Amino acid sequence: MSLVRAETRRLFRRRLTSVLLIGVVLVLAAFAAGTFASNQKATPAQVAAAKQEAMRQYQQAAADAGVQKLRCQAAAPGSAEAADFPPNCADIYTPRPSEFDYAWFLPETFDLRHEFPEMIALFALLMAAAAYLIGATFVGAEWHSGAMMNLLLWRPQRLVVLGTKLGVFLGWLAGATVLLGAAWAGTFRLIAEFRGDTGGMTSGVWQSFGLMGLRGLGLVLAAGAIGFALASLGRHTGMALGALIGLTAVQIGVYVLAGFSGLQFPEAYLVPLWGYVWLYQREVLEDWSCDGVTTGGGCMPETFTMTWQMAGVGSAVVLAVVVGAAMWAMRVRDVN
Amino acid sequence: MTPVLEISGLRKTYRSRKGARNALDGFDMVVEAGQVHGFLGPNGSGKTTTLRTLLGLIQPDGGHMTLLGREVPRHLPEVAGRVGAIVESPQFFGRFTAETTLSLLADAGGVDRGRVPEVLDLVGLRDRAKEKVKTYSLGMKQRLAVASALLKKPTLLILDEPANGLDPGGIREMRTLMRDLSASGMTVLLSSHILAEIQLICDSVTIISAGRRITAGSVAEVLARHDSGAVRVRLEPDTDQEEAARILREAGAQVTVETAGQLTVRDVTGPAQITRLLAQREIYLCELTPIAADLEDVFLELTGTTPVEGHHRQVDENALAASQDGWGR
C-alpha cells in the first residue's frame, strides 16, 4: 500500500498532470458554454410558425410538381419539350408532407437524444488525448530523470513497481473520467432542458448513452495505458510522442499500399477508424471499384460492416502487445 | 567479523554490434560488518557495474552475491530496506523539491516521513529543502543523494563517488559523516577516486581493474604489501656523496643518487644500519626519512595507470587489460 500511496502522490504532484486535467476541463467547459450560447429553446409560437412554414413549403413544392405534370401531359410526343420529361408523366416526383420537417425552420436548438452521442465521442477523444500524454510523461520523466532508478533501489521489484505505477495511473484516470463524464452528461441534460429538447429520452436511450460512455471509458484507459507503456519501453516521454508520428506515417503507408495492391476496404486498417467504430458501434465500408457488379448501369458497391467488437479485439491485441512488451523490457533490461 | 557483502566470480558481459565487452570478469569482494570499505578502480574498471549488479539494476551473467547474509538478486527485496545506496551521479526528478523527493521515497519504502527533515539537516540541506532539485548545484544534489540513502537508517550504506561536486568543506563534512556512521555501527562501502580520502576514512579496500580484483585487505596491509622499504637519506653539506653511496652498496643496499646530498636507499635491514655504516666512516646525516607508499602510489602501480610523459592513456588501457585482453573481445 505504501507504494500505491507514493505513486498517487507522485502522479498528482506532477505539474503536467494538473495542467492537462485543468486544460481538459476548460476546453469541455468552453464547448458546453458555446453550445449553451448558440442554442435556444423553441417557444410554442416558434414551433407553430415553423410548422406553418414547413406546410407552406410543402404546398409550394406540391403545386410546382402539379404544374410539371400538366406540362408533361401537354407536351407532344417526340417534341423538344417532351424530351425534358420522363416517358411516363406519373413518374414525376411528387413531394410528401413528411419530407418537410418543421425542425428545419426552428432556431438552433439542442436535441439531447440525437446530438449527445457526438458529445460523448468528443469527451472520450479529448480525455484519451490527455490520458496518452499524462501516462507517457508520468513514467517517461521518471525514467529520463533517473528517479525510476532511485525508486528501484528502494523497491527492487521491477514488475511490481511498473505495474503499481500503471495501476495507480489507470485507477485515477478511470475515476477522473467517470466523474468528469457524469458532469458532462449532467451539463448537457441541463443545456437540453433550458436550450433544447429532451423529447424521446426513454430509459433505453439513456442505457445506450451509458454503454457508449463505457466504451469511451475503455478508449481513454487504453490510450493512457499505451502512452504509458510506449514511454516506459523507450524510457523517455519522447518515445510515446514519436510513436504517434510514426503511427501516422505507417497508417498512410498501409492505406496507400493496400490501395495499390487491390486490397478491399483499406480504411479497415486505419487505427483511428477503429476508435470511431468502437464508439459508434458500426461503420459500413464500401468498395466502389464495382468489378462487374452493376445494376441498371449503376454501381452497387460491395460493403463490409465493421463492428465495435471487431474494433475492440483489434485494439485489445495492440494494447496487450504494447503493454506486454513494456513489462517484458522492464523485467529483463538493465537499468543503466 | 561477519561479512555483510560477499561477491565471488561475478561476471557481466555487454554485447553490442561492435562485439562483446567483459565489464566484470570473475570479480570477488568481501566487506566485513562495521567497516568503512573503499572500492577503488580506474574509470571503466567495473566499479559502477559491480554496484549496480549488487543492487539489482543490472543482471549478472554469472557469479554469486550476498548482501546482509541473503543471496541477491533473488532475496534483494528482503534486504533492500536495510541497504542505502547512491549509484554514480545523483539523479532526481528536477521539478520536485528535495523534501517532496525524499518523502515520496519514504512512502515507497514504508519509512516514516518524519525522518525527512532529520536527514536533510544531516547533509546540510535543511534550509533549501523546499527548493526544486533542478535549482541545485551538483554538490547539493550529491548531498540529497546521500540523504536519500540515509533515509532508511541502513545497516549497509553503499556510496558511489559521494564526494563528486562537493566543495572542500563538503568533502570534509562527508568524511566526518562517514566516520560518525561507521562509529554508530553502520557498514559503509565507499567508491571514490579521491584516494587520500579513502586512505583517511577506510579500514579496508578492494581495488578492481578490468573487471577483476587485483588486491584487497586492510589499508595498512595493502600499503605494507607494496611498501618498498626505501629510505631517503640527506647528507651533511660537503660530504662525499659518491663515497657514501659506495659504502652502502658494499653492504648490499640499492642506492640511487638523487639531488645533491640526497640518496634513496633500498634493501637495507633498517635505518639504523644506514646510520651505523656511514658513521663508522665519519659520514653524518642530517635527514633520514622512510619513504612510505601511499594509496595513490599503490593504485597507480597495481592498475597500471601511472601517467607516462608524452603518452595519452586511453580509458581501457591498464595493467590487466594489456595482458589479458579483457576489453573489446
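The table below gives the values:
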read-out: Residue pairs meeting the criteria (Cβ under 6 Å; at least 6 apart or on separate chains; first surrounded by fewer than 21 Cβ atoms within 10 Å (Cβ to Cβ), in the range A:127-148; second basic (Lys, Arg)); value: A:Trp143/A:Arg235
read-out: Test: residue in the range A:34-48 that is among the basic types (Lys, Arg), over 30 Å from A:Gly167 (Cα atoms) and touching a residue at least 60 places away in the same chain (Cβ under 8 Å); value: yes
read-out: All positions within the range A:59-103 that are among the charged types (D, E, K, R) and in contact with a Cys (Cβ under 6 Å, 6 or more places away or on another chain); value: A:Lys69
read-out: In the range B:91-147, the residues that are basic (Lys, Arg), over 19 Å from A:Phe138 (Cα atoms), within 11 Å of another protein chain (Cβ to nearest Cβ) and in contact with a Phe, Trp or Tyr (Cβ under 8 Å, 6 or more places away or on another chain); value: B:Lys141
read-out: Test set (1) away from every other protein chain (no Cβ under 14 Å); (2) in a helix (DSSP H, G or I); (3) in contact with a helix residue (DSSP H, G or I) (Cβ under 7 Å, 6 or more places away or on another chain) - A:Ala90 fails condition number; value: (3)
read-out: Residue check, B:Ile7 of a type in the set (A, V, I, L, M), outside any strand (DSSP E or B) and buried (at least 19 other Cβ atoms within 10 Å of the Cβ); value: no
read-out: Single match in A:Arg15, A:Arg56, A:Arg5 (criterion: surrounded by fewer than 16 Cβ atoms within 10 Å (Cβ to Cβ), free of Cβ contacts under 8 Å to residues at least 12 places away in the same chain and touching a helix residue (DSSP H, G or I) at 6+ places or on another chain (Cβ under 6 Å)); value: A:Arg5
read-out: Residue within the range A:22-37 that is buried (at least 16 other Cβ atoms within 10 Å of the Cβ) and of a type in the set (Phe, Trp, Tyr) present; value: yes
read-out: Residue identified as over 21 Å from A:Ala33 (Cβ atoms) and not hydroxyl-bearing (Ser, Thr, Tyr) among A:Ala183, A:Ala174; value: A:Ala174
read-out: Odd one out for B:Ala224, checked against (1) touching a Phe, Trp or Tyr at 6+ places or on another chain (Cβ under 6 Å); (2) under 30 Å from B:Thr50 (Cα atoms); value: (1)
read-out: Tally, over the range B:37-76, of residues that are basic (Lys, Arg) and within 20 Å of B:Met186 (Cα to Cα); value: 1
read-out: Residues within the range A:182-212 that are among the small types (Gly, Ala, Ser), in a helix (DSSP H, G or I) and surrounded by fewer than 20 Cβ atoms within 10 Å (Cβ to Cβ), tallied; value: 8
read-out: Members of the range B:154-189 found to be free of Cβ contacts under 8 Å to residues at least 40 places away in the same chain and basic (Lys, Arg), listed by number; value: B:Arg172, B:Arg175
read-out: Unique residue being outside any loop (DSSP other than H, G, I, E, B) and of a type outside the set (A, V, I, L, M, F, W, C) when the list is B:Asp297, B:Asp227; value: B:Asp297
read-out: Condition met for A:Met148 (under 26 Å from A:Thr198 (Cα atoms), outside any loop (DSSP other than H, G, I, E, B) and either assigned by TED's automatic domain parsing to the domain that holds A:Leu21 or touching an Asp or Glu at 6+ places or on another chain (Cβ under 7 Å) (or both)); value: no
read-out: Candidates B:Gly139, B:Gly124 - the one that is outside any helix (DSSP H, G or I) and modelled with pLDDT under 90; value: B:Gly124
read-out: Test: A:Ala80 is away from every other protein chain (no Cβ under 14 Å) and outside any helix (DSSP H, G or I); value: yes
read-out: All positions within the range A:230-254 that are surrounded by 14 or more Cβ atoms within 10 Å (Cβ to Cβ) and either outside any helix (DSSP H, G or I) or of a type in the set (Ser, Thr, Tyr) (or both); value: A:Ser232, A:Arg235, A:His236, A:Thr237
read-out: Subset of the range B:60-90 (residues that are facing chain A (nearest Cβ under 8 Å), in a loop (DSSP other than H, G, I, E, B) and free of Cβ contacts under 8 Å to residues at least 24 places away in the same chain); value: B:Pro73
read-out: Hits in the range B:67-105 (condition: among the aliphatic types (A, V, I, L, M) and modelled with pLDDT under 90); value: B:Ile86, B:Val87
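The values are calculated or read from the model by the stated rules, or taken from the named source; none is laboratory data. This is a predicted model, so every value here is computed, not measured. Cβ atoms come from the backbone with ideal geometry, glycine included; neighbour counts cover every protein chain shown.
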